[in-house]
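Please read the structure below before turning to the comments.
A short reminder: the numbers here are calculations on the coordinates, not readings from a lab. Here the structure is a predicted model, which means the values were calculated and not measured. Please note: Cβ atoms are built from the backbone with ideal geometry, for glycine as well, and neighbour counts cover all protein chains shown.
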Amino acid sequence: MEDKAVLVIGGGVAGMQAAFDLAEAGIRVCLVERTLSVGGRMAQLDKTFPTNDCAICILAPKMMDCYRHENIEVLTLSEVTAIEGEIGSFKVKILRKSRFVDEDKCNGCGDCARVCPMGILNKFDMDLRVRSGAYIPFMQAVPLIYALDRDKCMRCGLCEVICGKDAIRYNQKPEIVERNVSAIIVAIGFDPLDPSGLTEYGYGKYDDVITALEFERLICAAGPTGGHVIRRDGKEVKRIAWIQCVGARDTRDNRPYCCSVCCMHATKEAILTKEHNPEAETFILYTDLRCFGKGFQEYVNRAEDDYGVKYIRGKPGEIKGKENKILEIFYSPSSDKVEKLEVDMVVLSTALIPSEGVEALAEILGTELDEYKFFKLKDPYNPTGTTRAGIFVAGYCQAPRDIPECIAHGSAAASRAMEVVLGGSYDRRA
Amino acid sequence: MTEELRIGVFICHCGINIGGVVDVPAVVEYASTLENVVYAERNLYTCSSEGLEAIKSAIHEHELNRVVVASCTPRTHEPLFRATCKEAGLNPYLFEFVNIRDQCSWVHMHEPEFATEKAKDLVRMGVAKAARLEPLEELTSDVIPSAVVIGAGISGMTAALSIAKNGFYVHLIEKGSEMGGLLRRLYKLYPTEELAKEFLEQRIKAVEEHERVELHLSSSIKDVEGYVGKFKVILDENGVEKSIDVGDIIVATGAKELEPEGLYEYDGEKVITQLQLEEKLRREDLNRNGIENVVMIQCAGARGEVVKYCSKICCMNAIKNAKLIKEANPDINVFIAHNELQAYGEEYELYYRDAKKAGVRFLRFPLEKRPKVRKSDGKLVVDVFHERLLMDIPLEADLVVLSTPLVQNPDAEKLSKMLKVPLGQDRFFFEAHVKLRPVDFATDGIFLCGTAQGPKDIEESISQGYAAASRATIPLAKGYVSSEAIISSVDEAICVGCGICESVCPYGAVEVVETEEGRRAKVTGVKCKGCGTCGSSCIKRAIKMQHYTDDQLIAQERTAFVTEREVVS
């Protein structure tokens, strides 16, 4: 790859947008993605607010466009391990982990997955479904190349026997590749907070207290239950409550910030629940309803007026399980009262926090993080500029933002990188 | 076309994905009996390098002039097979894809015999269409390597400067006599509390000093014609008409504050808007006038009162101004009456907490019972219905500040018609896709950013400014735009110029023009996306959708419903 290239770290919606814009402008891009597929968190969602577009249906063409682009080299299962140099001439080391499958030979037919005897929880499905040891994380994965889970593999050899393309490579070794680039864009997204530590919500203690991302998989037609919102015991959910700001706007773990998207995704999830089962009763327990984006207020109005979603202002203090799997939510609508809501499923809108490994990456890149581990801006009104010249940031890993904001931010970072590559006039001080 | 048709058919086993259900050898045998088919074979994986080589060598060996592949899905594999045909010297649009995996073997996996019959039907239909395929070419058109940015507020300035830094010439057009837009009317910015004036001065200087930005102040757009790569923008610059040729256009025309006429006793003196307050803060009026109590009312005119939407920035702007008042004079009581407080994101929540610490008092009212402003003994009183106490709290006020929403500029309608880009129900410019294309219009070569798209804060306006710059730089950097090969075309002999096609085209690609023969529809190839909407709406059947012509589709349908015996004989 020539000098005039750009490295994009993270193949979620922000990173893909940045890569695609640069590639379309004729700039070579190396897109490094840690998992097996591009797509990021958006690929895990069932629908998107406020239009209820099917997330993967609108995302999959973008994933293909990125992967197929002649100017984009997509390295999946890869991580940046070192960088040297400065704006205009970075040298990047990338660790390419092994898929144990020959990427050039595999055509994604899935025969290996069908014969593999292993059963392993699928992370993409939030551990709600079992996949095989030879797998792709989801049907529309890009690239459509299988991988072997060698940590769990017994090396029975069945996949090797069945594979008509002779693509299985049990002894494939990881490799380090080097790329020279002029600029770097970081777009590593977020992780949902594991709410187990917030014991008042009973996550992990009660079967039917789940997280919003788990709910997205449940209600997705391609998800583990085929889109049926059911309790762990298989019964249909009749009364369901969302609890907002779980671990967010909460100073206990130094997470005072608002995650910006949860009021709307809870609204969406409640609408979808009603669409699946108009008899279901849906409640959203919130502190401030944040419906500030384009069309959001109108969406909330529809949820209330057309779907009968009930919004309750009040922060739950405790959730208790009763017999028959009924969950009691105790909350306080005013300072001198405690009320009780009985439901059979609770969805926690957990905080969305900087991705695992963000500190290590920031150290490799030589960029600063802020107090909450989001990438720090050098100038707050220059929303893609990190503390290091030539390294730009896009998407949620800089601060909470929703999908269109992440996409705009991805394009914005691309323009900053274009300034370096096309314009050639840049300031080494960032 | 008098050339002899020589169709080659390649049936893929896809390992056991197709071959495990469909009797592939039987389908191959059947395919070879079809009219015009001179060659048929099967491959374990047609997409493998061996499979692709087999296609290429068969094209040469059997002089194939049409290729049909029956395999997985065109979604992932059509581009590959088209490219293979092209490599063998065949026009890539003489290729037809038949989907016998996703739409046959997978869905009928428990009925292998029926699946085999369906595969035969699908192949027969594909062959029928292939016989009528025509070679198509992708058109390319040059791009004038410069852009126009309409509006020199913060997002427009950002966009213009970034395009210039990307190496291209930019015309920045501003109807006012100065750059800066709505920011000119702000005192300080949240959350940094830096002076808007200083912030703007640096940025204005950077734009003015850039050699590739040409500024047109006191200028309005008179007309726009053309398409991506070749737009002609007619300006009235200080009374002088100018014509500018550019490759693409960014709309950054901003928004304005709603004037709350008739709401909350608004008078512009004692009951004012946030922007009017900014002016007072700048002049340090509040202390001089002995003001003791300030009450701010949120959502004044928003969220169902005048406009339906939430204006996103008013909560933070009110918090900022309230905090500034408290910091300048802690003795002034400042109340913010609000419904849902939009202190979203990372920093705003912290800023909101700071304002509370500074002594700003927050009162929440239900949206059904908004505050009322009344006069009592010559003094203003704001009755705020307290959501939890369930009663009106009367607040005496020396100054009432209404947080009114941003609304679209009145001249946006005219611009939207000139550019043929839509406004949404909220009257803001309507982007190509709410989720995936926030700064694009559906029409190629026209982009948008900032508050013209909807209310947003400075940081986000800047982010969108850069984003629009990126999108607009793409055609400029490429130097050309290529159109789809699969586009519509008009038979002028049949067209009566009714204009239905023009009204339904989502991309502004069809327009009715005057010709010597009268009014006729005309398709601009580079704008057309091949959606076929015009073709299906044409009452005279004058519009042909290439690659999906009536002739091709009807042949395909006809053969779907005849029996095997009839076809063979």
Relative packing of B:97-106, B:191-200, which averages over residues the other C-beta atoms within 10 Å, highest first: B:97-106, B:191-200
√(5λ) per eigenvalue of the Cα gyration tensor, the range B:86-161, largest first, Å: 48, 22, 9
Alpha carbon centroid spacing (whole Å) that separates the range B:481-517 from the range A:285-324: 48
Greater than 22 Å apart at Cα, pairs in A:K62/B:K165; A:K105/A:K173; B:K242/B:K527: A:K62/B:K165; B:K242/B:K527
Top of A:A360, A:A183, A:A241 by mean-square fluctuation, Gaussian network on chain A, Cα under 10 Å: A:A360
By average C-beta atoms within 10 angstrom, highest first, the peptides B:367-373, A:348-354: A:348-354, B:367-373
Sites matching GluC sites (Glu not before Pro) across the range B:211-240 that sit in DSSP coil, with at most 12 neighbouring C-beta atoms within 10 Å: B:E211
Folded to 0 to 90 degrees: helix A:262-276 orientation relative to chain A principal axis, Cα: 70
Karplus-derived 3J(HN,Hα), 6.51/-1.76/1.60, for each residue of the range A:144-150, Hz, glycine and proline x: 7, 10, 6, 9, 9, 8, 6
Percent of beta bridges antiparallel (DSSP, the range A:16-95, rounded to nearest 5): 70
Average beta-carbon neighbours from other chains, 10 Å sphere, peptide B:310-318: 3
Under 9 Å, Cβ to Cβ, from A:A303 - net charge with Lys/Arg +1 and Asp/Glu -1: 0
Amide H partners (placed H, <5 Å) of B:L172, local residues excluded: B:V149, B:E214, B:L215, B:H216
Long-range tail of P(r) for the range B:496-569 (Cα pairs > 14 Å, %): 65
Lysine-lysine proximity count for the range A:286-387, Cα under 19 Å, sequence distance 8 or more or distinct chains: 7
Acute angle (nearest 10 degrees) that the helix B:112-130 long axis makes with the longest principal axis of chain B, alpha-carbon atoms: 90
Trypsin sites (Lys or Arg not before Pro) restricted to DSSP loop in the range B:279-367 with at most 11 other C-beta within 10 Å: B:R283
B:R374-B:R184 FRET efficiency (beta carbon distance; Förster radius 35 Å; 0.05 resolution): 0.55
Sum of side-chain charges, B:V373 neighbourhood, beta-carbon under 15 Å (Lys, Arg +1; Asp, Glu -1): -3
Spatial extent of chain A: Rg and Dmax, with the Cα atoms as the point set, Å: 22.6, 70
Residue mean of other protein chain beta carbons inside 10 Å, A:380-387: 5
DSSP beta bridges in chain B [antiparallel fraction, %, rounded to 5]: 50
Estimated inter-spin distance, A:D65 and B:L136, nm [label 7 Å along Cα→Cβ]: 1.8
Inter-label distance for B:E516 and A:K238, nm, one decimal - labels placed 7 Å from Cα along Cα-to-Cβ: 7.9
DSSP beta bridges in the protein assembly as shown [antiparallel fraction, %, rounded to 5]: 50
Charge tally in the Cβ shell below 11 Å around B:D142, where Lys, Arg are +1 and Asp, Glu are -1, B:D142 excluded: +2
Selection of trypsin sites (Lys or Arg not before Pro), the range A:332-430, meeting DSSP coil and at most 12 other Cβ within 10 Å: A:K337, A:R428, A:R429
Within chain B, helix-based [θ] at 222 nm, where runs of 4 or more DSSP H residues each add -39,500 (n - 2.57), nearest 500: -9500 deg cm²/dmol
Total charge dipole magnitude, the protein assembly as shown, about the Cα centre, Cβ charges on Lys, Arg, Asp, Glu only, Debye to nearest 20: 1440
Estimated 222 nm signal from helices in chain A, with DSSP H stretches of n ≥ 4 weighted -39500 (n - 2.57), rounded to 500: -6500 deg cm²/dmol
Convex hull of the range B:332-393 built on C-alpha atoms - directionally averaged projected area, nm²: 5.2
Packing rank of B:502-513, A:317-328, A:26-37, where each peptide gets the mean count of other beta carbons within 10 Å, highest leading: A:26-37, B:502-513, A:317-328
Qualifying aspartates and glutamates (Cα of each under 13 Å from Cα of B:K308; at least 8 residues distant if same chain): A:E298, B:D426
Across A:K268/B:K256; B:K420/B:K522; B:K230/B:K522; A:K238/A:K274; B:K478/B:K544, pairs whose alpha-carbon gap is larger than 21 Å: A:K268/B:K256; B:K478/B:K544
Gyration tensor verdict on the protein assembly as shown (Cα atoms; rounded if a/c is under 1.5, prolate if a/b is larger than b/c, oblate otherwise): prolate
Convex hull projection area averaged over all views, chain B, Cα basis, nm²: 35.3
Of B:L183, B:Q556, B:C72, farthest towards positive along the dipole that unit charges on Lys, Arg, Asp, Glu beta carbons give the protein assembly as shown: B:L183
Reachable aspartates and glutamates, given that their alpha-carbon falls under 19 Å from the alpha-carbon of B:K540 and they are not under 8 places away in the same chain: B:D491, B:E492, B:E502, B:E511, B:E514, B:E517, B:D550, B:D551
For residues of A:398-405, the mean tally of beta carbons on other chains within 10 Å: 5
Quotient of C-alpha Rg and 2.2 N^0.38 Å, computed over the range A:277-325: 1.42
